[in-house]
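Notes follow once the structure below has been shown.
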C-alpha cells in the first residue's frame, strides 16, 4: 500500500524534524540566493574536500582521466577501483549535485569508494560544465557524451557492462541521471543502462506535472521557505542556468516515449524539500508503468539532509543509498555489512 497517496499524508512530511530544528537553531543555514555564485561554489568545494578527508577510502584505488566531449572539450572523470583490482567489474556512474552552478566530482567520492569496496565495482565520477559560464543543455550533453564514451570504452577501465551499468546522482545529479537514462532508452544505447539512482531529484514543474497527480504536487508551495534549497534559492540558480523546462533533455516527462521499460530505479525524498513531490510523483509514474522501484522518504528533513552528519538520519540515508546500489546490481548485502563498512575510520 502506498502511504503517500493523499494530500494529508504528503503534507505531514513537511513538518520539520525536531532534531533538525535544533541543529538549525544553533547553526542557521546561509541564504545562498543572495551570495555570488563564486562564493557558493568555493564554499561547496571546501565542504566536499572536508568530507573526503573525514571518511574512509576503504583501500580503493583512484585515478583521473579526461575524455572528449562533442565540442572538443576534455572532461575529467574520476575512476574508483576496488581494493583488489578485478577484471570485468560492474560499472556505476555517480553524478554530483549543486543546482547546476556548483559541485565537483569529489562530492560523491564517499559513496563511490564504499560502492567499489562493497560490490567490487568500478565507479566513475564524471564532471559537467557549470552555469553561468555554461548554460543548459551543456551539462546534460556532457553527461550524455560521458555515458556514450563509457558504453564503448568501459573495458579500458576494466568494467564489463553486462555485469551492471548503473547511473545515479543527487539533486542536479539526479536530474542528470533520470534524463540520461531516458535518453539512453530513446536512442537505444547499447549496452543499455540497467539501473538508476535518483536522490532528491528535480524533474518537473507546475506546467509538466501529469494531470492525474497535480493535486499531490504540493511541496513547491509548502516548502518554499525551507531553510535549505528554498524556492528563492532555486529561482536564483535557474536564472544562471537558464534551463528549458519543456525540453526532452531536461525531463523524460516532456517526451512522447513512455517510461515503460525504464531500468529499475531507486528514489530518495526529503520531506521538507521543495523538490519532495518531484521525487514522489516520478516514482509513482514509474510504478504506474510497471518499472521496479524502491523509495526511501525522510520526513521533516531538508534537501540534502545528509550534509548534517550530526543528525542520525544522515548516516541512515547514506546506508540506504549503498544498499540500493546493491539492489540495482542484484547483489544487495546484509544491511549490517554496509553499516560496518560505512563506520570504518579513515
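Only the coordinates and a few stated rules stand behind these numbers; no lab work does. Predicted, not measured: the structure shown is a model, and the values here were computed from it. Heads up, the Cβs are rebuilt from the backbone with ideal geometry, glycines too, and the neighbour counts pull from every protein chain shown.
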For residue 162, put the label point 7 Å out on the Cα→Cβ axis and report which residues of the range 168-199 keep their amide N under 20 Å from it. 189-195
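Relative to the present Cα-Cα distance, how much length would full extension add between residue 235 and residue 294 at 0.36 nm per residue of separation? Before the final figure, lay out each step's value.
Working: separation 59, 0.36 × 59 = 21.24 nm, distance 2.97 nm.
Gain on stretching residue 235 to residue 294: 18.3 nm.
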Between the modelled labels at residue 15 and residue 46 (7 Å from Cα along Cα→Cβ) the distance in nm is 3.7
Report the antiparallel proportion of the DSSP beta bridges in the chain as a percent, rounded to a multiple of 5. 30
Taking a virtual spin label 7 Å from the Cα of residue 207 along the C-beta vector, which residues in the range 149-185 bring their backbone nitrogen under 12 Å of it? none
Read-out semi-axes √(5λ) of the Cα gyration tensor in Å, derived from the coordinates shown; its label in (1) 31, 21, 21; (2) 28, 23, 21; (3) 32, 25, 18: (2)
The range 143-221-the range 54-130 distance, computed between alpha-carbon centres (Å): 16
The Cα extents of the range 130-214 along the principal axes, largest first and rounded to whole Å, are 44, 35, 23
Taking only C-alpha positions in the range 35-106, Rg and Dmax in angstrom work out to 14.9, 47
Of 278, 233, 71, which is the most mobile in a GNM of the chain whose springs link Cα atoms less than 10 angstrom apart? 71
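Using 0.36 nm per residue of separation minus the Cα-Cα distance, give me the extension gain between residue 8 and residue 22 in nm, one decimal. Could you put the intermediate results ahead of the total?
Details: separation 14, 0.36 × 14 = 5.04 nm, distance 2.52 nm.
Here the answer is 2.5 nm.
Using 0.36 nm per residue of separation minus the Cα-Cα distance, give me the extension gain between residue 88 and residue 30 in nm, one decimal.
Working: separation 58, 0.36 × 58 = 20.88 nm, distance 4.50 nm.
Full extension from residue 88 to residue 30 adds 16.4 nm.
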When only Cα pairs under 8 Å and 6 or more residues apart are kept, what is the percent relative contact order across the chain? 19
Shape of the range 234-333, Cα gyration tensor, a/c cut at 1.5: oblate
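Please compute the alpha carbon radius of gyration of the range 80-185, then divide it by the globular-protein estimate 2.2 N^0.38 Å. Two decimals is fine. Please list the in-between numbers first.
Numbers: Rg = 13.4 Å, N = 106, 2.2 N^0.38 = 12.9 Å.
Working it through for the range 80-185, the quotient is 1.04.
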Evaluate the relative contact order of the range 10-126 (contact order divided by residue number), counting alpha-carbon pairs under 8 angstrom at least 6 apart; express in whole percent. 27
Cα Rg, Dmax, the range 68-113, angstrom units: 13.1, 36
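Based on the Cβ-Cβ distance from residue 62 to residue 340, what FRET efficiency comes out when R0 is 25 Å, to the nearest 0.05?
Values: r = 22 Å, r/R0 = 0.88.
FRET efficiency, residue 62 to residue 340: 0.70.
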